[in-house]
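Some notes on the structure that comes next.
Bear in mind these aren't lab numbers, they're just calculated from the coordinates by the rules spelled out. Worth saying up front: this structure is predicted, and the values here are computed from it rather than measured. Note that each Cβ is placed from the backbone with ideal geometry, even for glycine, and that neighbours are counted across all protein chains shown.
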Amino acid sequence: MTGAGSFRHLGRHMDLFGKVNKVLIITLPSIRSQGLLDEIVNLLSQQGIHTTAITGVMREPTADNIQQLAAEISGEDFDAYIGIGGGSVLDATKLLAVLKTNSLDIEDMLGTDRIPNAGIPTVLIPTTSGTGSEVTPNAIVTLPKKELKIGAVSRHLLPGLTIVDPLLTLELPKPMTAATGMDAFTHALESYISNKANRVSDMFALQAIRNIANGIVEAYHHGQSVVAREEMIMGSMYAGMALTAAGTAAVHAMAYPLGGKFNIPHGVANSMLLPHVTEFNIDRITDRLADIAEAMGLGGSRAFGSVSAAESVIGKIMEWTKELGIPQDLTAFGVTEKDIPELAAAASNVRRLMDNNPKEMEIEDIERVYRKLLPSKQ
Ligand SMILES: NC(=O)c1ccc[n+]([C@@H]2O[C@H](COP(=O)([O-])OP(=O)(O)OC[C@H]3O[C@@H](n4cnc5c(N)ncnc54)[C@H](O)[C@@H]3O)[C@@H](O)[C@H]2O)c1
Ligand SMILES: [Fe+2]
């Protein structure tokens, strides 16, 4: 379900899952304080559905955090889990649902197709625009001991119902609007240039790019604009569909160690890397970038010279990151020159995503891109 106010139809759609008496809501303290949780609890109680709410998912959760939440709720059975939050909460909801029905730890589930049983039915309601997690079969966790972020990919992580409502994002603070919006844009761009891109992913990726290019600056400056927020949340969802069909690539592979080792928020890491990785790839994807330029409304297209159109995409991304206040310097997060080889080795190991990149990245290429974000090393 999509559209402004669509979350108010949640109660009457719960019969999708048969007779539902009791649900677990996994959400954020800020959704509770905005009064949205009370509204949702009331909607459900009007349908005779009892609710329990938990708000203990940490930002970019560790496997231990989710495992601990699973232990806390293990004594009770629920008919469905409803996740209302950013990608962190949605990913946690998906994993909690399958932890309940599989005798596995999260670490056993990481990788592709390693979850044998379907989980408790889930409803996923994003409050960032964002990860697109509400429509992807992925869930990402942080493994602090390994200083890594890593994903589980399984059809059993797809939700039973998704509600995409811009009203839930109106209070999203500016830095999160910027970072999560750039994450969504990165999903769309990387899906369009991925080795696995196809006609289905292309359609969703270009539509996502149009939506996000229309909305991102306006949503940042005027957070209460329902029109801009709607562009962003729809763009984020389409980008999630694109990445499900095509996969992301080197930007995401290089962002994971920055999140795992230095806690750089996922969207910030992607946003910093995106122009530089795109520049590295440019000779392999010039025509594709020209299509993206056209979708972004930059006036370029294959017909009018792909090279300048491709360069205009990189220029626009740089312009956005400045306007949206996204840092361009990894030293601000404690990264130094001596960390670069280890970061590059970790990124190179994320084969699931690196193999989607249109141009092979050797370790030295990865190091060179990271160094572009250490200003003194340029
Ligand atoms: N499953 C996927 O397909 C997928 C794709 C990309 C990223 N991810 C993962 O998702 C996580 C990041 O998710 P995210 O970027 O949505 O951010 P997030 O969920 O970590 O939220 C960022 C911050 O915004 C706050 N917040 C969220 N919604 C709010 C609202 N409406 N009002 C006020 N504050 C709000 C949160 O409390 C948090 O502090 C990472 O772990 C990333 O790796 C998953
Ligand atoms: Fe992402």
Going by the alpha-carbon gyration tensor, a ≥ b ≥ c the square roots of its eigenvalues, is the range 172-377 rounded (a/c under 1.5) or, if a/c is not under 1.5, prolate (a/b greater than b/c) versus oblate?
oblate
Note down the net charge around Glu134, summing +1 for each Lys or Arg and -1 for each Asp or Glu among other residues with Cβ under 13 Å from its Cβ.
-1
Modelling each spin label as a point 7 Å along the Cα-to-Cβ direction, I'd like the Ala345/Phe262 distance in nm, to one decimal.
1.8
Which of rounded, prolate, oblate describes the range 130-182, given a ≥ b ≥ c as roots of the alpha-carbon gyration tensor eigenvalues and a/c under 1.5 marking rounded, otherwise prolate only if a/b is larger than b/c?
oblate
List residues of the range 128-171, by number, whose backbone nitrogen lies under 15 Å from a label position 7 Å along Cα→C-beta of Phe17.
157-163
Could you give the distance between the Cα centres of the range 95-114 and the range 142-192, to the whole Å?
19
Shape verdict for the range 337-376, please, from the Cα gyration tensor: rounded (a/c under 1.5), prolate (a/b greater than b/c) or oblate.
prolate
Would you mind giving the average projected area, over all directions, of the Cα convex hull of the chain in nm² with one decimal?
17.3
Using the alpha carbon gyration tensor of the range 6-168, what are the three equivalent-ellipsoid semi-axes (square root of 5 times each eigenvalue), largest first, in whole Å?
24, 17, 14
Highest mean packing first, using Cβ neighbours within 10 angstrom, the peptides 329-338, 211-220, 313-322 sort as 211-220, 313-322, 329-338
Quote the relative contact order of the chain in percent (integer), defining contacts as alpha-carbon pairs under 8 Å separated by 6+ residues.
14
Amide H contacts under 5 Å for Leu148, restricted to residues at least 5 apart in sequence or on another chain and with H modeled in the peptide plane, are Leu143
Of all DSSP beta bridges with both partners in the range 6-168, the antiparallel percent, nearest 5, is 25
Ala293 neighbourhood, Cβ < 14 Å, K/R = +1, D/E = -1, net charge -1
Just how far, in whole angstrom, is the range 37-93 from the range 273-349 if you go by their alpha carbon centroids?
36
Counting each DSSP H run of 4 or more residues in the chain as -39500 (n - 2.57), what helix-only mean residue ellipticity at 222 nm follows after dividing by all residues, to the nearest 500 deg cm²/dmol?
-15500 deg cm²/dmol
Give, as a single signed number, the net charge of other residues whose beta carbon lies under 13 Å from the beta carbon of Gly215, with Lys and Arg counted +1 and Asp and Glu -1.
-1
Stretch Arg32-Asn198 to full length: gain in nm at 0.36 nm per residue minus the Cα-Cα span?
55.7 nm
How about the range 126-206: which chymotrypsin sites (Phe, Trp or Tyr not before Pro) there are in a DSSP loop, with at most 16 other Cβ atoms within 10 Å of their Cβ?
none
Starting with the highest mean, order 241-254, 28-41 by the number of other Cβ atoms within 10 Å, averaged over the residues of each peptide.
241-254, 28-41
